[in-house]
Amino acid sequence: MSSPYPAEGALTPYSPGYPAQSVGGLDCAALMRMATMGAIVGGSAAAAQRIRRAQAGAQTPTAALAQTGKAAVTAGLATAAAGAVASSVAEQGATRLGLMFLIGTAVVYGLQSRLGSEVDHE
C-alpha cells in the first residue's frame with residue numbers, strides 16, 4: 001500500500017534534516033570566552049595596581065596575589081553576566097554596550113558588597 005504523500009520522510013528544502021541555529025543569545029562556549037577575556041583584562045588591571053602597592057610596601061606579595069585572583073574572578077563573572085543579558089536584548093550597538101556596562105557594574109558592586117572586598121580609591 002502506498003502513502004498518499006509521496007515525499008513522506010524525504011528531506012525537502014523547507015524542512016532541513018539538521019537542527020536550526022539559534023537566532024539570539026550566546027551559547028556556553030561564547031559565554032566562557034567572554035568570561036575568560038573579562039578575567040584576563042580585570043586581572044591584569046588589578047595586578048598592575050597590586051604590584052605598585054607591593055613595591056611601595058603597602059601590601060605583601062601574597063595578599064596582592066590573592067586580591068588579584070579575586071579581582072580576576074569577579075571581572076570574569078561580571079563580564080559573563082553582562083554579555084548574557086546584553087545579547088538577549090541587542091546584538092550590537094550602543095544599547096548592548098550600555099547594558100553590558102550597567103550589568104557589569106551591578107555584578108561587581110554586588111559581589112564586592114557581599115564579599116566585603118576592599119575598594120581602591122587611588
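The values are calculated or read from the model by the stated rules, or taken from the named source; none is laboratory data. A quick note: this is a predicted structure, and the numbers were derived from the prediction, not measured. Quick reminder, even Gly has a Cβ in these numbers, built from the backbone with ideal geometry, and neighbours come from all protein chains shown.
Tabulated data
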{"quantity": "In the stretch 75-96, the residues that are among the polar types (S, T, N, Q) and assigned to a helix (DSSP H, G or I)", "calculated": "THR79, SER87, SER88, THR95"}
{"quantity": "Exclusive hit being at negative phi, out of contact with any Phe, Trp or Tyr (no Cβ under 9 Å at 6 or more places or on another chain), modelled with pLDDT under 95 and part of a helix (DSSP H, G or I), set ALA64, ALA47, ALA72, ALA58", "calculated": "ALA64"}
{"quantity": "Filter result for the condition that a residue is of a type in the set (A, V, I, L, M), out of contact with any Pro (no Cβ under 8 Å at 6 or more places or on another chain) and over 24 Å from ALA30 (Cα atoms), over ALA106, ALA54, ALA48", "calculated": "ALA48"}
{"quantity": "Enumeration of residues in the stretch 44-83 that are closer than 30 Å to THR95 by Cα and surrounded by 20 or more Cβ atoms within 10 Å (Cβ to Cβ)", "calculated": "ALA46, ALA71, ALA72, THR74, ALA75, GLY76, ALA78, THR79, ALA80, ALA81, ALA82, GLY83"}
